[in-house]
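Quick notes on the structure that follows.
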Amino acid sequence: WDNADFSRGVGTTFYQEFLTLNTAKPPFVRDVEAKVRRYMRSSYSAAWTLKITWEKAPAYAARTDSRRTSTYQAVLTTNGFRSYILVLYQQGGMQWDYTRLTATNVLIGYT
C-alpha cells in the first residue's frame, strides 16, 4: 500500500462492521463467505466482518495530482478461529500515477 493523502479534502474513508454470530447474515457477508469458500476451498461461516472503503483517495502527496484517485476496500473477516482479508480494487485497478510516487516499485496487493 502506498500512502493516501486526504489533506486536500478529496476522497473519504468509511467502514461498516457486521456482527453475525447467531444473527441473519446480510448479502454482503454471504458474498464474503462465498469468496472465502471458493478461494480457500474450505467451509467458512463468518462471525464478524469489517469492510473498510477508501473512496476516491488521492495518492500522497495530493498536492502533486489529486485528480487521479483510486477506490479500494479491505474486508477483514473471522469465524473466531481463522481470519481472512480480501483486498478489492475498483475496476481497472489503481489509478494513481506510480511514476509520481516516492517509491516506483509499486505492486497491487500484499505479500
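The values are calculated or read from the model by the stated rules, or taken from the named source; none is laboratory data. What you see is a predicted model; the values in this text were computed from it and never measured. Cβ coordinates were reconstructed from backbone atoms using ideal geometry, including for glycine residues, and neighbour counts include every protein chain displayed. Calculation scope for accessible area: heavy atoms of the full protein, side chains included, ligands and nucleic acids excluded. Shrake-Rupley method; radii C 1.70, N 1.55, O 1.52, S 1.80 Å.
Things to note:
- Restricting attention to the stretch 22-67, the residues that are touching a residue at least 40 places away in the same chain (Cβ under 8 Å) and open to solvent by 70 Å² or more (accessible area, probe 1.4 Å) total 5.
- The lone criterion from (1) surrounded by fewer than 18 Cβ atoms within 10 Å (Cβ to Cβ); (2) free of Cβ contacts under 8 Å to residues at least 24 places away in the same chain left unmet by residue 8 is number (2).
- Restricted to the stretch 80-111, and to residues there that are within 30 Å of residue 28 (Cα to Cα) and open to solvent by less than 50 Å² (accessible area, probe 1.4 Å), the residue that is modelled with the lowest pLDDT is 109.
- Residues that are within 19 Å of residue 91 (Cβ to Cβ) and of a type in the set (D, E, K, R) do occur in the stretch 43-53, at least one of them.
- The stretch 68-79 - residue that is at pLDDT below 90, in a strand (DSSP E or B) and not aromatic (Phe, Trp, Tyr) and, of those, least open to solvent (accessible area, probe 1.4 Å): 70
- For the stretch 11-63, the set of residues classified as more than 28 Å from residue 81 (Cβ to Cβ) and either in contact with a His (Cβ under 9 Å, 6 or more places away or on another chain) or part of a loop (DSSP other than H, G, I, E, B) (or both) consists of 11, 60, 61, 62, 63, listed by residue number.
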